[in-house]
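In what follows, a single structure is set out as structure tokens and then discussed.
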Amino acid sequence: MQIRKATKSDKKPVLDFCQSPYSGIDYIANVWDFWLKDGVFLTMEHEGKPIGVCHASFSKNQVWVEGLRINPKFWQRGYGSSLVLKTEQIAKRKNYKISRMIISNGNKKSIKLAKSLGYKIEDKWYLYNIRPKRKQSLVIPAINSKQIENLIDSDTYSKSWKWFEFDKPAMSEANKKEKDTCFHTKQKNSGSRHLE
């Protein structure tokens, strides 16, 4: 096994085995070219072919370890640990004091690897999200006569700034005036009150 700097030619063979430990979509393809220029981007090769990668970026007094990927055919052989230890070795030579990484709580293999290397949980982050509720428009465009007929006695229509009940006389009047009438209707009783 040899650890060396990653190159452009490593990209395709590495992406062929890359799998995101998070969502199934791996971000490595999107950052590859940037990582070639930023920090230290390492490749582990076996018989002349890349079987793993790891990126390290440096800031203030820390090294940030990310993008550790090992070809699944070579898992459980210590190659991931070797790549992380190599980034740490480079960081020590540059006098960086702290090594950090973020690992998803569901990525048990990476958590086990980090613990085996002496990493301690420094913090836990929780991601929350909410899907916006899509408001359905109450406006229904009615262009052809069939669509207009379906609206009779169930909807209202707009004429100028007023809303009227849509009934047969309204439809007849519309058909007399223009053949290509377009009604913008809204559901019955929306924004109204019945007076008794």
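The values are calculated or read from the model by the stated rules, or taken from the named source; none is laboratory data. From a predicted model like this one, the values you see are computed outputs, not experimental measurements. Glycine gets a Cβ as well: all are built from the backbone with ideal geometry, and neighbour counts include every protein chain shown. For accessibility, only protein heavy atoms count, side chains too; no ligands or nucleic acids. Shrake-Rupley method; radii C 1.70, N 1.55, O 1.52, S 1.80 Å.
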TODO: Please name whichever of 43, 32, 72 sits farthest to the positive end of the charge dipole of the range 1-78, dipole taken about the Cα centre and charges placed at Cβ: Lys and Arg +1, Asp and Glu -1.
DONE: 43
Open item on the list: Can you give the local net charge around residue 69? Use residues other than it whose beta-carbon is closer than 13 angstrom to its beta-carbon, Lys and Arg +1, Asp and Glu -1.
Closed with: -1
Open item on the list: Output wanted: per-residue J couplings in Hz (rounded whole) for the range 75-85, from phi through Karplus 6.51 cos²θ - 1.76 cosθ + 1.60, θ = phi - 60°, x for Gly and Pro.
Closed with: 5, 6, 10, x, 6, x, 4, 4, 5, 5, 4
Task: At 1.567 mPa s and 4 °C, Stokes diffusion of the range 31-129 via Kirkwood alpha-carbon radius, µm² per second - done: 90
Open item on the list: On a 1.4 Å probe surface of the protein chains, which of 34, 58, 74 comes out largest in accessible area, and what is the full order?
Closed with: 34, 58, 74
